[in-house]
1. Arrange the following residues from fewest to most other Cβ atoms within 10 Å of their Cβ: 7, 114, 121.
2. Order these by the 10 Å Cβ neighbour count, fewest first: 14, 153.
3. Please turn the phi angles of region 39-48 into ³J(HN,Hα) values with the Karplus equation 6.51 cos²θ - 1.76 cosθ + 1.60 (θ = phi - 60°), one per residue in order, whole Hz, x for glycine and proline.
4. Can you compute 3J(HN,Hα) from phi for each residue in region 96-113, using the Karplus curve 6.51 cos²θ - 1.76 cosθ + 1.60 with θ = phi - 60°, rounded to whole Hz and x for Gly and Pro?
5. Of 109, 115, 99, how do they rank once you tally other Cβ atoms within 10 Å and put the fewest first?
Amino acid sequence: MLESNHMIHKYWHELFDLSLIIKGGIGIIETVSGFFVLFISRSAIDRIFAFFSSTELLEDPTDPVFSYLSASLTHLTSGAKIFAGIYVLIHGLLNLFIVIGLKRDKLWVYWVAMVSIILFMTYQIYRFAHTQAPGLIVLTILDLIFLIIIRHEHIYHTGRLKKNQL
């Protein structure tokens with residue numbers, strides 16, 4: 001029984017390590033994207049989007065992803081651009097902070113991670129209710145999976161510490 005529990009935790013821990021890699025990668029992409037959105041002009045964003053979407057739209061002019069992005073860019077005001085840039089930048093930096101803290105096994109970071117993920121999930125659900133943007137649902141599901149993995153790892157570490165104190 002003890003051996004099977006150890007093996008189960010081993011798989012959970014490998015999933016935890018993989019999720020940290022993914023979350024760290026997402027954090028880097030979000031941080032770079034946030035700076036990009038904040039410091040690149042609207043016309044430059046339009047030109048970059050046109051460059052990357054031109055071949056895709058030639059292949060499939062009804063591509064739902066590019067159609068959604070194109071429609072979003074059409075309605076992008078300067079205030080929305082600044083908000084989006086700050087939001088994505090903060091989310092990315094927070095992800096990087098959490099990944100570094102969890103990788104260093106700082107127990108208090110588990111709580112920071114769980115609370116911040118719950119707050120971001122709450123906001124994402126709120127935004128989805130107003131925008132029906134499918135990307136928000138995808139982000140929320142990924143955050144929920146990450147939250148479950150972090151909570152499992154936290155329970156394991158606090159249980160291990162209690163055993164060591166006895």
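Nothing in this text is a laboratory measurement; each read-out follows from the coordinates by a stated rule. Because the structure is predicted, anything quoted here is derived from the model rather than measured. Ideal geometry is used to build each Cβ from the backbone, glycine not excepted, and the neighbour counts take in all protein chains shown.
1. Going from sparsest to densest Cβ surroundings: 7, 114, 121.
2. Going from least to most buried by this count: 14, 153.
3. 10, 9, 5, 4, 5, 5, 4, 4, 5, 5
4. Values, residue by residue: 5, 4, 5, 4, 5, x, 5, 5, 7, 6, 7, 4, 5, 5, 4, 5, 4, 4 Hz.
5. 115, 109, 99
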